[in-house]
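What follows is a short report on a single structure.
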Amino acid sequence: MKRLLVATLVMLAIAMAAQSQEKSDARARVSEVLAKGDTTTALKMLTELSTNLKTSSVAAAPAWNTSYEEIRACGLYPQETRLECVLDIKQQGGYGGPIGAFGSFEYVSFFVDWGNDGFQTTDYVGSGIVNLTDGSAKTNFAVYRDFNPPGGPRTSNGGASTTTTTSGPTYRVLAKLSWAVPSITPGQPVPWGNELVFTIRMMPIR
C-alpha cells in the first residue's frame, strides 16, 4: 500500500512538472513572436491558449498562473477616481525581448460591482496598461485607470475648482490581470495572470 502511494505521488509530480514545462514553452513561443513585433500571430496563439483553459475549467474555479506576473495589491485614489494596482514581475525572460525590443504589455481590467449582484461584463470600467521587457525580474509596476462613476456616488477629476459631495458608499472591485492581451470577462481564466477583489469607498472632493 505504501509503495502504491509513493508511486502515485511520483507520477503526480512528473505530470505537474511536465505541465509546468509545457506552460513555460508556450510562454517562450509567444514571447519570441512578440519580440519580432508580430502581434497578430501572438494574439492567435493566446486566444487558442485561453480557449483551451476555458474548456478545461468548466464547473471549476479558474487556476490562475502567476509564475510570471501577479497582482500584489490594489486600491482607489478617490480625488482622481483612479483605480490602481501594483504588479510583481517574477521572471527575467518571457516578456517579449530586452529593452529596445517590442516587449509586451500587462493589462489590468477593472470591474465595479455597482449593483451588489456579483461581477458582470457590464461592470467593466476600463483597463490599465504598462509596457515591460525582459530583465525585469523582482521589480514592481503600477497600473492605473481613471473612470467616471455613475451619478449617485460620483466624485470628479475636474481640477481645483471642483466641489463634489457623496454619502461615501463602498463597492467591491475586481482587478483582472492578463499578459499581452486584455481580458474583459470576469471569471474567465487567462494563460498568465490572476484576479484580486478589493473594497473601495467613494469620498467627497472640496
- Query: Are there any pairs, at least 6 apart or on different chains, whose C-beta atoms fall under 6 Å, with the first in segment 160-189 and of a type in the set (A, V, I, L, M) and the second in a loop (DSSP other than H, G, I, E, B) and modelled with pLDDT under 90, and if so, which?
  - Reply: none
- Task: Mind listing just one residue for me: the one in segment 99-115 that is assigned to a strand (DSSP E or B) and in contact with a helix residue (DSSP H, G or I) (Cβ under 7 Å, 6 or more places away or on another chain) and, of those, surrounded by the most Cβ atoms within 10 Å (Cβ to Cβ)?
- Result: PHE111
- Message: Among the residues that make up segment 147-162, is at least one of them at pLDDT 95 or above, buried (at least 17 other Cβ atoms within 10 Å of the Cβ) and more than 17 Å from the chain's Cα centre (by Cα)?
- Response: no
- Message: So if I check each of GLY75, GLY128, GLY118, which one is crowded, with 17+ Cβ neighbours inside 10 Å and either at pLDDT 95 or above or among the hydroxyl-bearing types (Ser, Thr, Tyr) (or both)?
- Response: GLY128
- Message: Just to check your reading of the model, which residue among ARG206, ARG201 is touching a strand residue (DSSP E or B) at 6+ places or on another chain (Cβ under 7 Å) and either of a type outside the set (A, V, I, L, M, F, W, C) or at pLDDT 95 or above (or both)?
- Response: ARG201
- Does ALA59 fit the bill of being assigned to a loop (DSSP other than H, G, I, E, B) and at pLDDT below 55? yes
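For segment 179-200, which residues satisfy the criterion of being part of a strand (DSSP E or B), closer than 23 Å to LYS90 by Cα and in contact with a helix residue (DSSP H, G or I) (Cβ under 9 Å, 6 or more places away or on another chain)?
Across segment 179-200, the qualifying residue is only TRP179.
The values are calculated or read from the model by the stated rules, or taken from the named source; none is laboratory data. Just so it is clear, the model here is predicted, and its values are computed rather than measured. Cβ atoms come from the backbone with ideal geometry, glycine included; neighbour counts cover every protein chain shown.
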